[in-house]
Structures are given as C-alpha cells and as structure tokens.
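First the structure, in the form of structure tokens, and then the observations on it.
The values are calculated or read from the model by the stated rules, or taken from the named source; none is laboratory data. Predicted model only: the values in this text are computed from it and were never measured. We place every Cβ from the backbone using ideal geometry, glycine too, and count neighbours over all the protein chains shown.
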Amino acid sequence: MPRSDVTTSIGSWDFHSIHVEEDLIAGEFINAESTLICAGPPRLPQSTGDDPPVYPIGLVENAGVSQSKQLQRVFEIGSARSYFVPGRVVGSFSMGRVIFNGNSLMRVKYAWTVLDGAVSADMAGLEAATLANLELDDELLSEEQLRPNPGYGGAVFNLGSNLFNQPYGMLFLLRDQTDLDWAEFYLENCYIQGHQMSISSGSVLLLEACSSQFDQLVPVAVQEAS
C-alpha cells in the first residue's frame, strides 16, 4: 500500500505537508564525521583480512573528488539536432590538512613507502604489510635512489623529488549516522600535481593542501545491513 507521508507520483505531490524521498529515515545522512580517508599502495589492495593495508589520514579539513568525461559534439548540415561521442574519463582530487609536528600530508600519501627509517608505528606497520603481501618491490625506489631528498622523517615537502614520480592510492569509506557502510571506493595510480602551504599572521593554525590526479576510480563492495 502506498505511503501517505511521501510523494509517490506527480498526483500525490503536496509540498506543504509531505516529503518527496520515500526511503529516507533519521540517521541515514552521510556527513564528514562518518567519512574516513586513507592512503595506500597504487592499486586496490587485495587483502585476505577484513581491513586492507591502508593508512587512515586525520586532521583533514576538506577533500574533493572530481571526474570529467571528454565529449565531442557533432553537428550535421540539414538538422538542428546534434550527436555526442563520449571519450575518456579524467579524475582529480584535492585535500586540505592542518600542519602539526608529525607526518606531513605528502608523507602520509606515500605511507606505503619507507623513508629515512623514521616513521610512526602505525605507518611502519602499513609498510611492512604492504611490502610483504602486495609484492610491490619492483615499483619501489630505495632511499639511495631518491634524488633529490624529499624530506626528513615526517616533514616531507619537496615535490621535486623523484619519489613523487611514483604512484600511490587513496581509499574513501562513507558511512551513515547509524554506522552502516554506504559506499567505498579506491583511487588508483594517483600522482601529486600541486602542493600549497598557507601561513597567516592572524591564523592560529598552519594549513597545507595537495591537488592530485588519478587513473581510475574502483568501487568497493560494502556489506549490506542484515
């Protein structure tokens, strides 16, 4: 039997007193506090456990993912109509983060890469799991091959280093307010395109941001609520 408190057709539309969306209940909204962003290896980890080897990124103030598809519009003589020829998809994303005395944003994006032998315990665990289980040795640069030096410890800022000629990956996990998974996707083969750092005499905090491009967005299946 159709519900009387939602709009099920044009004829039942009553903007004065009922909602339009039928399947929405309190707590099903997705917001920033129920979203997790993680860095990982270039390709989607094929983990045997429940949790893939990725590094959760905190203190993120803003993040955005953008995709655009090439479209060629074709006109013809003798008609006012047109055709569209679809092309390739180009993806990019940006992220802004507070600077603190720890791993920088560029460092955590490359959490799967061992640098300077000095990383946090969580990041070291990711490196060990990634290098052992994902067999990425053929894609890694040794510390002796890094030219010029990307940085020391967690303070990595030198985009000119050949470290950033290597790809990385990003995982996005979105849940609703009732702690149910809604969507999960992985950005494969990401490259940092730009890095910005903001310093202001009137600001309490320092901010940094990275803009990147990725090869493809891979959806990850989430478990449906029983």
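Here is how the numbers come out for the structure above:
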{"read-out": "Filter pass, GLN145 being modelled with pLDDT of 55 or more, polar (S, T, N, Q) and in contact with a strand residue (DSSP E or B) (Cβ under 7 Å, 6 or more places away or on another chain)", "value": "no"}
{"read-out": "Pairs where the first residue, in segment 148-170, is on the phi > 0 side of the Ramachandran plot and in a loop (DSSP other than H, G, I, E, B) and the second is among the small types (Gly, Ala, Ser) and modelled with pLDDT under 85, C-beta under 8 Å, 6+ apart", "value": "GLY153/ALA118"}
{"read-out": "Filter pass, GLU21 being assigned to a strand (DSSP E or B) and at pLDDT below 95", "value": "no"}
{"read-out": "Test: residue in segment 177-193 that is polar (S, T, N, Q) and assigned to a strand (DSSP E or B)", "value": "yes"}
{"read-out": "Checking GLN46 against (1) at pLDDT below 90; (2) surrounded by 10 or more Cβ atoms within 10 Å (Cβ to Cβ), the condition it does not meet", "value": "(2)"}
{"read-out": "Neighbours by Cβ (under 8 Å, 6+ apart or cross-chain): first from segment 51-63, modelled with pLDDT under 90; second polar (S, T, N, Q)", "value": "PRO53/SER47; PRO53/THR130; PRO53/ASN133"}
{"read-out": "Residues of segment 167-218 satisfying the condition of being over 20 Å from ILE57 (Cα atoms) and loosely packed, with under 12 Cβ neighbours inside 10 Å", "value": "ILE199, SER200, SER201, GLY202, SER203, VAL204"}
{"read-out": "Selection from segment 50-94 of residues that are part of a strand (DSSP E or B), surrounded by 14 or more Cβ atoms within 10 Å (Cβ to Cβ) and either among the aromatic types (Phe, Trp, Tyr) or touching a helix residue (DSSP H, G or I) at 6+ places or on another chain (Cβ under 7 Å) (or both)", "value": "TYR55, PHE93"}
{"read-out": "Single residue of segment 148-165 satisfying the filter (aromatic (Phe, Trp, Tyr) and at pLDDT 85 or above) that is surrounded by the most Cβ atoms within 10 Å (Cβ to Cβ)", "value": "PHE164"}
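Okay, residues lined up against (1) modelled with pLDDT of 95 or more; (2) under 23 Å from ASN158 (Cα atoms); (3) of a type in the set (A, V, I, L, M):
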{"residue": "ASP176", "(1), (2), (3)": "no, no, no"}
{"residue": "ASP179", "(1), (2), (3)": "no, no, no"}
{"residue": "TYR191", "(1), (2), (3)": "yes, yes, no"}
{"residue": "HIS195", "(1), (2), (3)": "yes, yes, no"}
{"residue": "SER203", "(1), (2), (3)": "no, no, no"}
{"residue": "LEU207", "(1), (2), (3)": "no, yes, yes"}
{"residue": "GLN213", "(1), (2), (3)": "yes, yes, no"}
